[in-house]
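Enquirer: Just passing along the structure, written as structure tokens.
The values are calculated or read from the model by the stated rules, or taken from the named source; none is laboratory data. Just so you know, these numbers come straight off a predicted model, no measurement behind them. All Cβ positions, glycine included, derive from the backbone under ideal geometry; neighbour counts span all protein chains shown. Remember, those area values only see protein heavy atoms, side chains included, never the ligands or the DNA or RNA. Shrake-Rupley method; radii C 1.70, N 1.55, O 1.52, S 1.80 Å.
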Amino acid sequence: MDRTKRVSPKRSTVRLPEMTSRERIIAAMNFEPVDHVPVYDLLRNDAVIRFYAGERPTVKDGFRIACKASAACLDATRNLEGPKANGRSEVKGGIWKGLVMRRERWTEWVEYHPVRQMPDAVEWVKRYTSYCERRQPSKTYIHEYRARYRRYERLAPGLVVLHDPSSPGFDPAYHNVGWEHFSVLIHEKPDLISTWLEALCEKELRRIQAIADPDLSPAVLTFSDIACKSGLMFSPELLRREFIPRLARIQRAWKSHGVRCLFHSDGDLSEILDDLVAAGIDGVNPLELCANYDIYKVKQKYGKRIFLAGGVDVSNLLVFGTEEEVRQEVEKVIRICGRGGGLWIGSTTELGNRVPLANFQALVETARSITPC
């Protein structure tokens with residue numbers, strides 16, 4: 001946390017005409033002037049949603065209420081949904097037969113994976129590869145995808161909801177076969193994994209071709225969680241061989257339809273960020289201060305080559321800091337990183353229930369009060 005004497009960004013008495021959220025986020029992506037820095041976040045906080053929606057989020061009506069709250073305090077978001085029923089486990093079918101997912105309010109995780117032995121993992125990867133090679137986006141999926149974005153427009157008027165997250169295949173691979181098996185197979189059977197990753201990437205490219213539309217949303221979150229707080233979770237050599245080239249293909253596919261790409265990975269990406277920029281990312285998120293990979297370092301190195309999204313520490317500052325400390329940090333982020341556009345400000349990943357309402361209000365109100373001249 002910055003303890004030096006602060007010089008506040010200019011609170012200009014001459015403001016630009018008020019912009020819509022869509023105009024604001026597009027201008028920021030293009031490094032053009034904005035009336036105020038757009039706020040981008042993911043609401044997973046009951047108190048925040050209740051305050052901005054004026055009603056408590058429920059499982060039955062949570063989607064509508066989350067839309068209402070998000071439209072009241074954000075310019076852009078992703079993965080917009082309501083809370084899940086607490087303590088519910090779901091047994092998957094189809095290609096994922098036997099996989100058990102655990103759902104708790106705002107999150108879910110793999111509770112049980114049916115693949116227990118390495119020979120089973122090999123056969124499962126082969127079946128999944130075959131499934132990916134055959135899979136085509138159905139007319140029903142395309143219709144329901146577009147209908148969902150029309151529903152966003154109705155329930156969250158003005159809010160920009162990014163296209164559903166788009167991955168070249170790493171996350172689906174290691175989540176679906178399990179970390180242990182994936183880690184062993186990538187070394188013992190690299191051709192098997194490479195073939196699977198290629199099938200996953202091609203399947204995603206077919207989905208992009210079916211649903212990419214800048215009228216639905218001008219941006220998409222391309223992603224793979226490839227890093228943690230101490231650095232990359234995979235070797236740079238592996239990422240440059242199996243991940244970066246496929247990410248570049250995903251990026252080109254979206255951008256050929258006029259949709260800009262915000263890349264997301266938690267953790268410290270500094271060792272591979274040059275490669276990500278070369279692969280065509282337009283922006284990067286969430287820029288975790290606690291991973292020694294903060295927004296200021298990235299801004300200093302890359303300038304106007306990529307826009308930045310996030311930047312306000314949610315691991316410590318937004319949870320444990322005071323309202324004044326939050327205001328100071330938001331002002332600092334805007335002063336250093338928001339001049340001349342190129343910034344969507346928000347928490348470093350998502351707004352969980354540990355964040356006090358007053359601290360998030362301080363973030364939003366401060367961002368909206370400053371003209372980043």
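Enquirer: I'd like the residue in region 182-206 that is of a type in the set (D, E) and open to solvent by 30 Å² or more (accessible area, probe 1.4 Å) and, out of all such residues, is farthest from M118 (Cα to Cα).
Expert: The extreme case among them is E202.
Enquirer: Further, regarding this structure: Picking from R50, R64, R56, R78, which residue would you name as being surrounded by fewer than 22 Cβ atoms within 10 Å (Cβ to Cβ) and within 18 Å of R151 (Cβ to Cβ)?
Expert: R64
Enquirer: Now for a separate question. If you take the residues of region 207-229 that are assigned to a helix (DSSP H, G or I) and either among the basic types (K, R) or open to solvent by less than 10 Å² (accessible area, probe 1.4 Å) (or both), which of them is nearest to V160 (Cα to Cα)?
Expert: Among those that are assigned to a helix (DSSP H, G or I) and either among the basic types (K, R) or open to solvent by less than 10 Å² (accessible area, probe 1.4 Å) (or both), it is I211.
Enquirer: Same structure, new question: Looking at region 304-351, which of its residues are within 26 Å of V277 (Cβ to Cβ), without any contact (Cβ under 8 Å) to a residue 60 or more places away in the chain and touching a Phe, Trp or Tyr at 6+ places or on another chain (Cβ under 9 Å)?
Expert: Selection gives I306, L308, G311, V333, I336, C337.
Enquirer: When you go through (1) buried (at least 20 other Cβ atoms within 10 Å of the Cβ); (2) within 15 Å of L269 (Cβ to Cβ) one by one for C290, which number turns out not to apply?
Expert: (1)
Enquirer: Further, regarding this structure: For region 230-260: of the residues being part of a helix (DSSP H, G or I) and in contact with a strand residue (DSSP E or B) (Cβ under 8 Å, 6 or more places away or on another chain), which is surrounded by the fewest Cβ atoms within 10 Å (Cβ to Cβ)?
Expert: K255
Enquirer: Are any residues in region 106-129 open to solvent by less than 90 Å² (accessible area, probe 1.4 Å) and touching a residue at least 60 places away in the same chain (Cβ under 8 Å), and if so, which ones?
Expert: Matches in region 106-129: W106, T107, V110, H113, V115, M118, A121, V122, V125, Y128, T129.
Enquirer: While we're looking at this one, here's another question. Quick check on region 31-45. Is at least one of its residues at pLDDT 95 or above and in a helix (DSSP H, G or I)?
Expert: Scanning region 31-45, I find no residue that is at pLDDT 95 or above and in a helix (DSSP H, G or I), so the answer is no.
Enquirer: If you don't mind, another one. When the residues of region 283-294 are narrowed to those that are touching an Asp or Glu at 6+ places or on another chain (Cβ under 9 Å) and on the phi < 0 side of the Ramachandran plot, which ends up modelled with the lowest pLDDT?
Expert: A291
Enquirer: On to the next question. Looking at region 262-285, which of its residues are within 15 Å of the chain's Cα centre (by Cα) and aliphatic (A, V, I, L, M)?
Expert: L262, L269, I281, V284
Yes or no, residue by residue, for (1) assigned to a helix (DSSP H, G or I); (2) modelled with pLDDT of 95 or more; (3) open to solvent by less than 20 Å² (accessible area, probe 1.4 Å); (4) small (G, A, S):
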{"residue": "I281", "(1), (2), (3), (4)": "no, yes, yes, no"}
{"residue": "K297", "(1), (2), (3), (4)": "yes, no, no, no"}
{"residue": "E324", "(1), (2), (3), (4)": "yes, yes, no, no"}
{"residue": "G341", "(1), (2), (3), (4)": "no, no, yes, yes"}
{"residue": "A362", "(1), (2), (3), (4)": "yes, yes, yes, yes"}
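Enquirer: Across region 133-159, what is the number of residues that are open to solvent by less than 100 Å² (accessible area, probe 1.4 Å), more than 14 Å from F63 (Cβ to Cβ) and out of contact with any Pro (no Cβ under 9 Å at 6 or more places or on another chain)?
Expert: 8
Enquirer: Of all residues in region 53-104, count the ones that are free of Cβ contacts under 8 Å to residues at least 24 places away in the same chain and closer than 30 Å to T366 by Cα.
Expert: So the answer is 9.
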